[in-house]
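K.L.:
Take a look at the following structure, please.
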2 protein chains.
Amino acid sequence: MNETVADRTALTEQETHLSESPSAVPGTQRPGGRTAKVRRAVLDATQETLATGGFPSLNMDQIAAAAGVGKTTVYRRWGTPVGLVADLLTDMAEQSQPAADTGTLAGDLRANAALVRETLTDPRMGAVFRAVIAAAACDEECARALNGFYRTRLTEWAPVAERAAARGELPAGTDPLELLRAVSAPLYYRFAITQEELTPADAERAVTTALAAAAAGAYVA
Amino acid sequence: MNETVADRTALTEQETHLSESPSAVPGTQRPGGRTAKVRRAVLDATQETLATGGFPSLNMDQIAAAAGVGKTTVYRRWGTPVGLVADLLTDMAEQSQPAADTGTLAGDLRANAALVRETLTDPRMGAVFRAVIAAAACDEECARALNGFYRTRLTEWAPVAERAAARGELPAGTDPLELLRAVSAPLYYRFAITQEELTPADAERAVTTALAAAAAGAYVA
């Protein structure tokens with residue numbers, strides 16, 4: 001358990017700073033306890049590195065130093081830079097905004113489109129998404145992590161479609177995930193593929209498209 | 001003019017192999033002449049490298065060697081790996097299939113969706129697209145080149161919408177490029193963003209979505 005041995009310049013002391021308690025028993029830690037703080041510091045450093053230098057700049061030792069966490073802790077818990085990206089995406093999916101409930105399908109889809117557009121056009125988060133999309137294009141494990149991120153997000157927003165169906169706003173049998181993909185797809189297409197500007201008009205068109213296609217039964221499974 | 005000397009270990013000699021003729025006068029070269037052959041060899045090697053190793057593996061000297069072209073030619077004409085990607089994308093846009101003309105808007109959009117799906121699910125071309133999408137996420141110049149590729153492709157297919165409008169199949173004022181983006185976006189979204197399978201049913205749904213939204217006026221400028 002001698003995690004404090006790490007002779008990088010004065011890291012000897014720093015190893016215990018924010019590292020997991022050696023005496024921690026699984027299940028006994030409070031949420032927001034030391035394990036959570038270590039994870040928060042490491043994932044914040046990971047996100048910052050992705051935003052500024054992209055996936056190729058992700059280095060385990062530098063993340064440990066930036067997070068003020070022992071190197072052995074970072075290697076043991078996350079293993080590789082891909083492991084950091086995968087856990088960051090899990091965290092981002094958990095932290096992301098819950099589904100809107102405005103009372104109408106159009107209102108909820110507008111809120112979703114606005115959230116996607118604001119995220120992608122935010123300088124920091126836009127850079128993070130570019131980094132993980134690029135990483136997913138090069139690495140199978142990153143691709144699986146990104147797939148998991150969107151599965152979580154789409155599922156989180158699925159009740160929007162279920163509530164709309166219950167209100168009679170959607171044809172019976174409409175696939176909630178296909179409806180939600182239809183809102184996101186044109187925005188990500190401009191952002192990551194055609195490299196075009198992403199305006200509020202684009203978000204509105206994505207909603208109009210999804211609503212019209214849904215009404216026509218395009219997403220009936 | 002000793003063009004047959006292609007001793008890879010003697011690049012001094014190789015400089016003239018497949019390189020542009022020093023005496024060539026601009027405008028006097030036949031299409032398919034030496035300049036075109038050099039470009040073809042270099043772009044084929046570039047595409048092969050992107051397909052197998054991605055953008056980070058693109059190396060000017062190795063491309064010159066693989067193409068059997070002098071290094072100075074490659075450096076002079078393409079400058080950097082990004083220059084190679086940009087010219088490859090120009091070439092891919094030029095070589096890509098012309099717009100369909102099946103007689104109906106649905107038929108033409110189905111042909112477009114099938115072309116996009118077949119390209120992205122082709123092992124080699126799928127890998128090339130993953131590589132250029134990743135490169136565009138990391139590099140501004142690659143992003144501009146990718147933007148140019150899609151601008152060319154979308155413009156090439158614009159007559160599909162114009163002919164449909166002339167036949168009365170689309171509301172007056174429908175933006176051809178928005179209609180075509182709507183067909184491609186869900187396919188690229190699954191391919192590059194959510195990392196999901198891309199089935200014929202997805203291509204058909206993209207067409208159904210675009211047709212329904214177009215009929216509802218979602219793409220009227």
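Only the coordinates and a few stated rules stand behind these numbers; no lab work does. For clarity, every value in this text was computed on a predicted model and none was experimentally measured. Positions of Cβ are generated from backbone atoms using ideal geometry, with glycine treated the same way; all protein chains shown enter the neighbour counts.
K.L.:
If amide H atoms are built 1.01 Å from N in the plane of the peptide, which residues on other chains or at least 5 residues away come under 5 Å of the amide H of B:Val220?
P.N.:
B:Asp175
K.L.:
With springs only between Cα atoms under 10 Å apart, run a GNM on chain B and tell me which of B:Val85, B:Val42, B:Val116 wobbles the most.
P.N.:
Among B:Val85, B:Val42, B:Val116, the largest GNM mean-square fluctuation belongs to B:Val116.
K.L.:
Hey, another quick one. Please give the FRET efficiency for A:Asp61 paired with B:Thr102, using the beta carbon to beta carbon distance and R0 = 60 Å, rounded to the nearest 0.05. Spell out each step's value before the answer.
P.N.:
Details: r = 58 Å, r/R0 = 0.97.
With a Förster radius of 60 Å, E is 0.55.
K.L.:
Taking neighbour counts of Cβ atoms within 10 Å as a proxy for exposure, in what order, fewest first, do B:Arg77, A:Arg190, A:Arg181 appear?
P.N.:
Working: B:Arg77 17, A:Arg190 22, A:Arg181 25.
With the fewest neighbours first, B:Arg77, A:Arg190, A:Arg181 line up as B:Arg77, A:Arg190, A:Arg181.
K.L.:
Tell me, what is the percent relative contact order of chain B, built from C-alpha pairs under 8 Å that lie six or more residues apart? Kindly include the intermediate steps, with their values, before the conclusion.
P.N.:
Numbers: 268 pairs, mean separation 39.1, N = 221.
This gives 18 percent for chain B.
K.L.:
Compare the Cα positions of A:Val85, A:Tyr219, A:Thr72 along the charge dipole of chain A (+1 at Cβ of Lys, Arg; -1 at Cβ of Asp, Glu; about the Cα centre) and return the one farthest towards the positive end.
P.N.:
Ranked along the dipole, the leading option is A:Thr72.
K.L.:
If the elastic network links every pair of Cα atoms under 10 Å, which of A:Pro56, A:Pro176, A:Pro81 fluctuates the most in the Gaussian network model of chain A?
P.N.:
A:Pro56
K.L.:
Fewest to most neighbouring Cβ within 10 Å: what's the order for A:Ile133, A:Ile193?
P.N.:
Numbers: A:Ile133 24, A:Ile193 27.
Sorted ascending by nearby Cβ count, the order is A:Ile133, A:Ile193.
K.L.:
Hey, what D do you get for region B:54-162 in µm²/s if you plug the Kirkwood alpha-carbon radius into Stokes-Einstein at 37 °C and 0.692 mPa s? The partial results should precede the final answer.
P.N.:
Numbers: Rh = 15.3 Å.
D, rounded to a whole number, is 214 µm²/s.
K.L.:
So what are region B:111-198's ellipsoid semi-axes, whole angstrom, largest first, if each one is the square root of 5 times an eigenvalue of the alpha-carbon gyration tensor?
P.N.:
After scaling each eigenvalue by five and taking roots: 26, 16, 11 Å.
K.L.:
Cut-off is 10 Å between beta-carbons; in what order do B:Glu156, B:Glu178, B:Glu94 appear when sorted fewest neighbours first? Don't skip to the end; give the middle numbers.
P.N.:
Details: B:Glu156 16, B:Glu178 21, B:Glu94 10.
The order, fewest Cβ neighbours first, is B:Glu94, B:Glu156, B:Glu178.
K.L.:
What does the helix-only formula give at 222 nm for chain B: each DSSP H stretch with n ≥ 4 adding -39500 (n - 2.57), the total divided by the residues, and the result rounded to the nearest 500 deg cm²/dmol?
P.N.:
Working: 10 runs with 144 residues, N = 221.
It lands at -21000 deg cm²/dmol.
K.L.:
Something else: To the nearest 20 debye, what is the magnitude of the charge dipole of chain A about its Cα centre, counting +1 on the Cβ of each Lys and Arg and -1 on the Cβ of each Asp and Glu? Don't skip to the end; give the middle numbers.
P.N.:
Working: 21 positive and 27 negative charges, 46 e Å.
Computed about the Cα centre, the dipole is about 220 debye.
K.L.:
Continuing with the same structure: Measuring from the lowest to the highest alpha carbon on each principal axis, how far does the protein assembly as shown reach, largest first, in angstroms?
P.N.:
Extents along the principal axes, in whole Å: 79, 65, 30.
K.L.:
Next up: Taking 4 °C and 1.567 mPa s as the conditions, I'd like the Stokes-Einstein D for chain B in µm²/s, using the Kirkwood hydrodynamic radius from alpha carbon pairs.
P.N.:
Values: Rh = 19.3 Å.
It diffuses with D of about 67 µm²/s by this estimate.
K.L.:
Cross-link partners among aspartates and glutamates for A:Lys37, C-alpha distance below 19 Å, same-chain residues fewer than 8 apart left out?
P.N.:
Filter leaves A:Glu3, A:Glu13, A:Glu15, A:Glu20, A:Glu48, A:Asp61, A:Asp87, A:Asp91, A:Glu94.
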